[in-house]
Amino acid sequence: MSEILSGIFGSMVLGLVATGTDLLWIPIGIFVAAIAYLLGSIPTGYWLGKLLKGIDIREHGSKSTGATNVLRTLGKTPALIVLLVDLLKGVAALAFTRWFYGLAIASAIPPAVDPQTWITWAIPLAALMAVLGHSKSVWINFTGGKSAATGLGALFGMVWQVGLGGAIVFGLALAMFRIVSLSSIATVIAAMVLMVVWQQPFAFQVATIAGGLYVIWCHRANIKRLLAGTEPRIGQKT
């Protein structure tokens, strides 16, 4: 299957290159960003709600399509499936971007820009598009989840050490407080700090901070409940 997909995308790129225009990198860049967005926008939790119980999960619990609401609405196994798929969406978006630009097609990169510099910015852009896609999915009227799991997957795709560090922080915070939203916010903050402290490329730092702030913004209702002391813990109903 992977060989078939590689052949299809490779043929598309070669066909575009054959046009011979110096501005070809613009539609190619839009294409790559769109694929990252579409991968991120796969509404796993919504589809499982329809498949398993015939419900729109956005009408239940916290109204989110993420793993936490799936856990409270559908159960542990569906929640685990959603968590893993949402993680993989972020990983896949960056894997596709690395593979695509790894085809070494000169027309995919602006003539005046160093290829490595371009790719260094293209990768975090794909991460942001995947994060946006999860919370604003085109398939469900631009609604979705809060992008924490997909964001973590994108971190693994950018710098796996930062992704691993974020996952450890999430696990520790969840074990201590049993509050998913608090654990997600702690993960975001840890990722931003690790990207800077470990001196990752500036583009990666910018994307992690921007994406992190966006994920925190998506949790604004949770933050209000945290401050009020009413945020539910794992095992409690919303």
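Is it true that GLY75 is modelled with pLDDT of 95 or more, of a type in the set (Gly, Ala, Ser), out of contact with any Leu (no Cβ under 7 Å at 6 or more places or on another chain) and surrounded by fewer than 17 Cβ atoms within 10 Å (Cβ to Cβ)? Spelling it out, GLY75 is indeed modelled with pLDDT of 95 or more, of a type in the set (Gly, Ala, Ser), out of contact with any Leu (no Cβ under 7 Å at 6 or more places or on another chain) and surrounded by fewer than 17 Cβ atoms within 10 Å (Cβ to Cβ).
Looking at region 200-223, is at least one residue more than 20 Å from the chain's Cα centre (by Cα), surrounded by fewer than 21 Cβ atoms within 10 Å (Cβ to Cβ), of a type in the set (D, E, K, R) and in a helix (DSSP H, G or I)? No, region 200-223 contains no residue that is more than 20 Å from the chain's Cα centre (by Cα), surrounded by fewer than 21 Cβ atoms within 10 Å (Cβ to Cβ), of a type in the set (D, E, K, R) and in a helix (DSSP H, G or I). The residue that is nearest to LEU174 (Cα to Cα), among those in region 53-71 that are surrounded by fewer than 16 Cβ atoms within 10 Å (Cβ to Cβ) and not β-branched (Val, Ile, Thr), is LYS63. One residue stands out among those in region 78-135 that are among the charged types (D, E, K, R) and within 26 Å of LEU213 (Cα to Cα): the one that is surrounded by the fewest Cβ atoms within 10 Å (Cβ to Cβ), which is ARG98. If you go through region 62-75, how many residues are closer than 16 Å to ALA149 by Cα and either under 18 Å from the mean Cα position of the chain (by Cα) or free of Cβ contacts under 8 Å to residues at least 40 places away in the same chain (or both)? The total comes to 7. State yes or no: is THR150 within 21 Å of the chain's Cα centre (by Cα), part of a helix (DSSP H, G or I) and of a type in the set (S, T, N, Q)? Answer is yes for this residue.
The values are calculated or read from the model by the stated rules, or taken from the named source; none is laboratory data. Bear in mind the structure is a predicted one, so any value in this text is a computation, not a measurement. With ideal geometry, Cβ positions are generated from the backbone for all residues, glycine too; neighbour counts draw on all protein chains shown.
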